[in-house]
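Input: a single structure, listed below in structure tokens.
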Amino acid sequence: MFATHSPDPDGAINMEQPKLGFVDEDPDMVNIQLSAKIKECGAGICTLNTLKKKVPSLKWIPKYSVRDLQCDLIAGLTVGLTVIPQGLAYAKLAGLPPQYGLYSSFMGCFIYCLLGTSKDITLGPTAIMSLMTGAFATSPIKNDGTYAVVLSLMCGLVQFVMGILNLGILVNFISYPVINSFTSAAAITIAFGQVKSLLGLHNIPRSFGPMVYATFKNIGKTNPWDLLLGICCLVLLFLLKKLRTLKWGDEGEEDIPRTQTVARKFIWLIGTGANAIIVISAAGIAASLLSQNITGKLTITGHLKEGLPPFKPPSFSVSNGTHTYSASDIFSSIGAGFGIVPLIGLVETIAIGKAFARQNNYRIDPSQELVAIGVANIISSFVSSYPVTGSFSRTAVNSQSGVRTPANGIFTGALILLALDLLTPLFYYIPNAALAAVIISAVLQMVDYKIVLILWRANKLDLVPYTITFVASLAIGIEYGILVGIGISVLMLLYPTARPTLKSLSRPGILVVRPDQGLLFPAAEYFHETVLEKAISGGRQRSVILDFQHISGIDYSTVMGLMQLLAEMKRRGLGVILVHVSPPVMYSLQKAELPGLVISSTVEEACEELHVQEDRSLDVDDDDENQPLISKGTK
């Protein structure tokens with residue numbers, strides 16, 4: 001139980017452990033109750049509702065209609081046209097051959113169709129996850145994806161376990177300013193990292209600071225053909241994507257001619273498939289130059305491995321012919337990536353899912369989303385995928401395409417498999433500058449500069465984690481910048497708990513202290529020391545009334561702090577009385593059996609009691625010092 005304080009003859013405080021104050025229970029009754037509880041939990045697990053919760057596709061499959069099929073088919077193919085060029089580009093961002101972007105794009109679509117709770121989300125490679133993969137899982141062997149595939153497997157296992165344990169709530173402890181700042185810093189890092197491809201530069205470092213320095217240092221080596229093509233691609237991407245958001249003014253009217261409606265849909269489709277159009281056009285230009293024996297002008301993707309990836313478990317070792325890198329080498333190299341990458345995947349998916357769920361009036365289950373992306377990453381690792389998560393840009397395209405159910409992922413995945421099987425040889429001609437333009441166009445919209453002014457007006461304190469996260473992400477790397485931001489947010493969250501405001505009111509010979517919030521272990525020592533300091537400050541010695549009207553619960557450390565305060569005040573001949581004690585706090589104090597503690601109903605009653613104590617004799621028998629809890633005016 002709790003330690004009691006009894007002064008020894010020299011005035012020192014001895015610590016003794018009293019007996020536990022629990023009521024004895026019949027062991028047979030405990031076993032019966034435990035057995036009943038286990039049966040109740042088992043009955044709750046083995047139900048149709050539980051199965052539907054764990055496999056959400058069982059809810060919408062029985063209601064699936066032809067209209068749903070039409071909408072999902074259009075949305076799935078539209079997203080497929082977007083993900084193919086993005087996948088090729090993002091793989092280079094991850095430091096892998098372009099085909100790995102397509103390997104990572106199809107399996108997640110199939111798995112999420114069965115296990116996901118959002119109709120809009122589409123899983124696949126994203127800019128941030130690709131950058132994280134490049135930061136943590138770069139193989140020492142050129143064009144080798146072993147490290148990235150192992151990271152995908154382990155990332156999936158971590159996310160799956162978190163989902164089973166209902167740890168989706170963890171995302172609530174990452175503040176919006178931190179997420180926004182991290183996303184903006186990552187977008188800037190990714191966008192500037194593609195400048196080298198626009199300029200046709202080589203051997204540029206990956207870290208932001210050295211990358212900026214090396215890019216400007218080598219700018220004189222710019223390839224004018226890559227620069228011209230890259231700028232043209234960027235401008236055309238900007239213009240084509242504007243077609244997707246055109247407002248016609250007469251939308252919703254019934255008398256719009258069919259030809260006009262078809263033309264508008266065609267214009268919207270061009271805007272939606274802008275990435276594919278630009279990449280195909282750029283590849284056509286490169287192929288035309290090569291057919292005329294004009295070589296060495298554009299930097300192209302080059303040869304890719306043809307066909308579908310084999311379905312096999314990830315390899316935990318890789319050899320370059322002279323040295324074999326074992327599982328321990330791979331794990332030690334990835335290191336913190338096993339924790340950071342799953343967390344980033346969780347943040348991206350939940351943030352995107354909640355945003356589109358609010359927009360389209362439905363709800364998602366964060367823990368089930370973790371299970372879905374966890375299983376997707378695990379199974380995707382068997383087809384040579386690196387870690388995947390929800391993509392904001394493709395989810396937006398999916399939603400705007402009128403998707404009805406997660407079944408759209410089947411059509412997206414099928415289109416990617418078709419491209420892998422038939423179109424891989426054509427990817428040889430895709431210029432790097434065109435892929436760089438696709439990435440820059442996709443990530444620049446992730447930079448939210450307006451939030452700084454909003455935070456300044458709404459809550460300037462939120463600028464602290466925002467600024468620190470942004471600076472840390474650029475200075476030491478976004479993989480650690482997000483950890484710094486989370487740490488700052490948690491510290492700001494815990495500080496009021498560790499240092500609660502103690503409002504005090506002085507009365508003749510008495511100090512009334514009122515904590516403004518709960519007292520838990522981080523505040524226990526601070527509470528004890530601050531109250532004691534206030535009671536004896538200024539050369540005055542005052543008894544203390546602790547007003548607990550805002551305290552709903554206490555823990556062991558708080559009880560120990562109260563015990564120490566009682567002992568210190570007792571040695572000085574001062575009293576301590578608690579008022580407005582809630583039933584849970586009263587129960588904890590009764591179980592602790594604190595010696596000499598008095599509880600009253602109101603501050604006035606406590607003042608009267610302290611004045612009565614002052615009139616008593618100061619000579620106290622040893623038996624009186626260890627009296628248990630005394631309650632005045634309370635039941």
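Each reported figure results from applying straightforward, stated rules to the coordinates on display, with no laboratory input. Values in this document were obtained by computation on a predicted structure and should not be read as measured data. Positions of Cβ are backbone-derived with ideal geometry, glycine not excepted, and every protein chain shown enters the neighbour counts.
Quick notes on this one:
- Straightening the chain between Leu227 and Tyr480 buys 87.8 nm, computed as 0.36 nm per residue apart minus the Cα-Cα spacing.
- Order of Thr183, Thr322 - criterion: other Cβ atoms within 10 Å of each residue's Cβ, fewest first: Thr322, Thr183
- Each peptide in 350-359, 425-434, 164-173, 200-209 was scored by the mean count of other Cβ atoms within 10 Å over its residues; highest first, the order is 425-434, 350-359, 200-209, 164-173.
- The simple Förster model, with R0 at 60 Å and r as the Cβ-Cβ distance, assigns Thr602 and Arg457 a FRET efficiency of 0.90.
- Spin-label model distance (nm) - Met492 vs Ser281, 7 Å beyond Cα toward Cβ: 4.4
- Computed label-point distance, nm, for sites Tyr213 and Asn172 using a 7 Å Cα→Cβ extension: 4.5
- A Förster distance of 30 Å, applied to the separation of the beta-carbon atoms of Thr259 and Lys354, puts the FRET efficiency at 0.15.
- Of the DSSP H helices in the chain, those whose Cα atoms cover at least 30 Å axially and whose Kyte score averages 0.5 or more: 66-93, 337-360
- Of Asp226, Asp68, the sequence from fewest to most neighbouring Cβ atoms within 10 angstrom is Asp68, Asp226.
- Under-5 Å amide H pairs with Tyr325, H placed in peptide plane, nonlocal only: Val318, Ser319, Asn320
- Highest average first, the peptides 479-486, 448-455 ordered by how many other beta carbon atoms sit within 10 Å of their residues are 479-486, 448-455.
- For a straight C-alpha distance cut-off of 17 angstrom, the lysines reachable from Lys297 (same-chain residues fewer than eight places away being disregarded) are Lys196, Lys221.
- The label point for Tyr449 and the one for Arg540, both projected 7 Å from the Cα toward the Cβ, are 5.7 nm apart.
- Using a Förster distance of 25 Å, the FRET efficiency for Thr245-Phe192 (Cβ separation, nearest 0.05): 0.45
- Under 15 Å, Cβ to Cβ, from Pro425 - net charge with Lys/Arg +1 and Asp/Glu -1: -1
- Full-extension gain in nm, Ser317 to Arg507, via 0.36 nm per residue minus C-alpha separation: 60.9 nm
- Partners for Lys591 among lysines (Cα-Cα distance below 25 Å; same-chain residues under 8 apart left out): Lys19, Lys570, Lys632, Lys635
- In the chain, the DSSP beta bridges split such that about 50 percent are antiparallel, to the nearest 5.
- Backbone HN-Hα couplings from phi across segment 294-299 [Karplus 6.51/-1.76/1.60, Hz, Gly and Pro as x]: 9, 10, x, 8, 9, 7
- Each of Val397, Val341, Val490 has some number of other Cβ atoms within 10 Å of its Cβ, and from fewest to most they run Val490, Val397, Val341.
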